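Asker: One structure, as structure tokens, below. Some questions next.
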Amino acid sequence: MKVTQRGLFIGFVFGVVAAAEWIGFQSLKLGPITLNFLPLVFALLITMVFGIKLFRKGIIQKIYSKENIEFSGKYLIIIMLPLMARYGADVAPRIKEILSIGWVFLLQELGNLGTVLFGLPVAILLGLRKEALGSTLGLGREGELAYISETYTLDSPQGRGVLSMYIFGTLFGALFFSIVAPIFLALGYSPQSLAMASGMGSASMMAGASSALSASLPAETDMISAYAAASQLLTSFLGTFTMIFLAVPLQKKMYRRLTGKEVEDE
């Protein structure tokens, strides 16, 4: 029976997932700092290695065909939806405690504008134009992927910008926040505030930050997980409205002032 390119691709995906899960969650302790490597990181590394031109031959070339790449981009958002159900399950047991300080969770959503305020000028300075619109709208997670995909498509420069941020964040974001969270804890920040800050719209980054905090404070593991999940859930939900009604208009205005061009003209 002849195996299609799509069949090879699906088989490859299951193989990579199985290999990543077999490797499992790995930690590396460097003095007081613990680096956490999630299976997601290993899965991404494996697919990136096979994507190198040196290895893209024969069956691998068929797996990495243009049709399969477009298929992946088209259905990426759907695959992320089960994460929302998981966040809700983590939040529910501590919902009363979370609601008692709910306004703080709402206030932190304004932090989503930081990528536009600070990232866009740097991106423009580096010479990016259309790509900057995708790469600085947010952390490049599911919400930004959905908006850019619907507005510009993932095959556009804006789409390449947001996908680049998605990959970069998955590879290095979790490691970065695994290092930063214990450092801020050592500086005297409360575990509650750091747990809330862990929920930034990225499952891998949240896991990296919250796991590092839990490793430093084992007795507070339940609280850290609940606060991080609640913050993650709100960021994924309210962050979408923050992006559409605040970040997008702000980005367009700043882009016009920085480049002298309208976003639509680009």
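Asker: Sorted by mean Cβ packing within 10 Å, highest first, what order do the peptides 200-206, 52-58 take?
Answerer: Details: 200-206: 23.7, 52-58: 9.7.
Most protected by this proxy first, the peptides run 200-206, 52-58.
Asker: Magnitude of the Cβ-charge dipole of the stretch 169-266, K/R +1 and D/E -1, about the Cα centre, nearest 20 debye?
Answerer: On the way: 5 positive and 6 negative charges, 60 e Å.
Rounded to the nearest 20 debye, it is 280 debye.
Asker: When all protein chains stay in place, what accessible area (Å², nearest 10, 1.4 Å probe) is found for ARG6?
Answerer: Rounded to the nearest 10, that gives 90 Å².
Asker: Can you tell which of SER198, MET254, ALA174 lies farthest toward the positive end of the dipole of the stretch 164-266, using +1 and -1 charges on the Cβ of basic and acidic side chains (Lys, Arg; Asp, Glu)?
Answerer: Value: MET254.
Asker: At a probe radius of 1.4 Å, what is the per-residue accessible area of ILE10, in Å² to the nearest 10?
Answerer: Accessible area, nearest 10 Å²: 80 Å².
Asker: With a 1.4 Å probe and all protein chains in place, put LEU28, LEU44 in order of accessible area, largest first.
Answerer: Details: LEU28 80, LEU44 35 Å².
Putting LEU28, LEU44 in descending order of accessible area: LEU28, LEU44.
The values are calculated or read from the model by the stated rules, or taken from the named source; none is laboratory data. Not measured: the values here are computed from a predicted model. Here Cβ is always computed from backbone atoms with ideal geometry, including for glycine, and neighbour counts include all displayed protein chains. Side chains included, ligands, DNA and RNA excluded: accessible areas come from the protein's heavy atoms. Shrake-Rupley method; radii C 1.70, N 1.55, O 1.52, S 1.80 Å.
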